[in-house]
């Protein structure tokens with residue numbers, strides 16, 4: 001037992017953990033201008049006016065106003081030491097309905113300003129600690145999630161305490177459920193040296209991307225989409241396959257530094273294989289700096305893989321930056337340009353082989369000799385109908401079988417037809433036009 005206790009203490013205090021703290025951005029403080037219809041206040045009224053339906057529990061610290069109109073449906077919670085005082089302040093505030101925000105929306109969590117962090121990692125991972133600093137309005141995630149810990153109003157809760165809170169009136173008001181789901185506390189610190197995956201299932205990541213708004217097209221040719229990003233970006237990716245002795249924390253310390261380029265390394269899974277992804281992205285406008293820095297970092301790794309405890313490293317980067325004035329139209333121009341070019345090629349083929357130029361030997365007109373073109377099999381071959389093709393079985397009457405019961409067969413006009421067709425065919429080839437054989441044949445039959 002003592003040995004196990006010392007092992008637990010060693011893991012807790014001496015082994016580095018790769019967990020992070022994720023703090024919910026918003027609260028229900030009605031003095032926060034984000035909850036006001038007129039964010040800067042106005043002079044068209046005098047007082048503090050709530051909507052008829054507040055939507056969630058409003059938090060009050062120190063409210064001073066000449067008049068307060070309370071909601072018909074909703075609750076106000078006065079924090080410890082808080083108060084409401086009626087005093088002529090000449091201020092007009094109209095409070096909006098407090099609408100809950102989604103747990104799986106990355107924009108609702110404080111995650112720093114590193115643009116190289118994937119969208120799915122901006123939402124609490126299963127090893128992260130979650131903090132709610134005040135009364136909140138949160139929609140449950142669309143799928144069940146678990147986190148390492150939850151802190152509510154500076155109080156760290158156990159799984160039992162958390163589930164009991166969710167059953168109270170406060171819990172039901174603050175955490176609202178649109179679909180059947182759950183939020184669980186499962187202590188699971190990431191102590192693996194080579195890192196841990198953020199979410200246990202791809203379904204969570206898919207729902208995260210459902211909440212990410214569509215952004216304008218990136219300002220580069222051939223944008224890239226790193227694992228965990230919901231949309232394409234400009235920059236570079238270095239994906240490494242690590243050795244058993246690899247340390248993600250040590251690797252992060254060796255990453256290059258830059259003022260204009262953000263870099264982030266995290267563990268990912270690609271088709272079931274565990275790798276580490278390093279993303280290079282520029283803070284502001286794309287200038288190819290992140291692409292070049294990714295290429296330099298990849299070259300450094302490939303020179304000495306053993307030094308970084310790696311087996312292999314693969315580089316993927318975006319193309320050149322687009323001119324500022326063309327970023328919004330480049331994709332459209334490329335699509336329509338390709339379409340017009342394709343139509344032009346097929347139109348040219350139609351004119352040459354089916355249209356008005358089909359009877360002209362352009363090769364002779366352009367003096368393109370067979371030696372220049374070479375003896376190659378043509379892609380298209382044109383067949384002439386300048387002549388008559390006879391595909392029939394003609395039997396000589398002289399050699400035909402005579403039926404003794406009925407006597408010899410009388411000669412017919414078949415021989416005459418063959419002779420006539422042959423003559424007309426020779427005539428048409430000599431004068432350069434197609435003979436109308438069928439009509440003349442019918443005339444012979446009538447005779």
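The values are calculated or read from the model by the stated rules, or taken from the named source; none is laboratory data. The structure presented is a predicted model; accordingly, all values stated were derived computationally and were not measured. As a convention, Cβ positions derive from the backbone with ideal geometry for all residues, glycine included, and neighbour counts pool all protein chains shown.
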From 275, 271, 214, residue being without any contact (Cβ under 8 Å) to a residue 60 or more places away in the chain and within 16 Å of the chain's Cα centre (by Cα): 214
Condition check for residue 230: modelled with pLDDT of 95 or more and within 30 Å of residue 183 (Cβ to Cβ): yes
Those residues of region 194-210 which are assigned to a loop (DSSP other than H, G, I, E, B) and either closer than 18 Å to residue 129 by Cα or modelled with pLDDT of 95 or more (or both), in sequence order: 195, 196, 197, 198, 199, 200
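Quick grid of which residues meet (1) within 21 Å of residue 271 (Cβ to Cβ); (2) in the same structural domain as residue 78 (by TED's automatic domain parsing); (3) surrounded by 13 or more Cβ atoms within 10 Å (Cβ to Cβ):
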{"residue": "161", "(1), (2), (3)": "no, no, yes"}
{"residue": "169", "(1), (2), (3)": "no, no, no"}
{"residue": "185", "(1), (2), (3)": "no, no, yes"}
{"residue": "188", "(1), (2), (3)": "no, no, yes"}
{"residue": "191", "(1), (2), (3)": "no, no, yes"}
{"residue": "225", "(1), (2), (3)": "yes, no, yes"}
{"residue": "238", "(1), (2), (3)": "yes, no, yes"}
{"residue": "242", "(1), (2), (3)": "yes, no, yes"}
Filter pass, residue 180 being out of contact with any strand residue (DSSP E or B) (no Cβ under 8 Å at 6 or more places or on another chain), buried (at least 16 other Cβ atoms within 10 Å of the Cβ) and more than 30 Å from residue 291 (Cα to Cα): no
Out of 115, 99, sole residue that is surrounded by 15 or more Cβ atoms within 10 Å (Cβ to Cβ) and either assigned by TED's automatic domain parsing to the domain that holds residue 130 or in a loop (DSSP other than H, G, I, E, B) (or both): 115
Residue within region 77-90 that is out of contact with any helix residue (DSSP H, G or I) (no Cβ under 8 Å at 6 or more places or on another chain) and buried (at least 19 other Cβ atoms within 10 Å of the Cβ) present: no
Scope region 64-75; condition within 21 Å of residue 137 (Cα to Cα) and either at pLDDT 90 or above or touching a helix residue (DSSP H, G or I) at 6+ places or on another chain (Cβ under 8 Å) (or both); matching residues: 70, 71, 72, 73, 75
Cβ pairs under 6 Å, 6+ apart, first in region 291-315 and not assigned by TED's automatic domain parsing to the domain that holds residue 260, second assigned to a strand (DSSP E or B): none
Filtered residues of region 276-297 (kept if assigned to a helix (DSSP H, G or I) and under 13 Å from residue 265 (Cβ atoms)): 294, 297
Count - residues of region 128-166 that are outside any loop (DSSP other than H, G, I, E, B) and in contact (Cβ under 8 Å) with a residue 24 or more places away in the chain: 13
Boolean, residue 265 is under 21 Å from the mean Cα position of the chain (by Cα), at pLDDT below 95 and not in a helix (DSSP H, G or I): no
Residue check for residue 57: under 38 Å from the mean Cα position of the chain (by Cα), over 30 Å from residue 266 (Cα atoms) and in contact (Cβ under 8 Å) with a residue 12 or more places away in the chain: yes
Leading residue by the ranking (surrounded by the most Cβ atoms within 10 Å (Cβ to Cβ)) among those in region 245-268 that are over 18 Å from residue 298 (Cα atoms) and free of Cβ contacts under 8 Å to residues at least 60 places away in the same chain: 260
Qualifying position, being under 18 Å from the mean Cα position of the chain (by Cα) and more than 15 Å from residue 104 (Cβ to Cβ), among 208, 224, 204, 185: 224
Candidate set: region 278-287, residues that are touching a residue at least 60 places away in the same chain (Cβ under 8 Å) and in contact with a strand residue (DSSP E or B) (Cβ under 7 Å, 6 or more places away or on another chain); chosen: the one surrounded by the fewest Cβ atoms within 10 Å (Cβ to Cβ): 283
Residue check, residue 290 under 22 Å from residue 229 (Cβ atoms), in contact with a helix residue (DSSP H, G or I) (Cβ under 9 Å, 6 or more places away or on another chain) and modelled with pLDDT of 90 or more: no
Test: residue in region 140-152 that is at positive phi and either more than 30 Å from the chain's Cα centre (by Cα) or outside the structural domain of residue 110 (by TED's automatic domain parsing) (or both): no
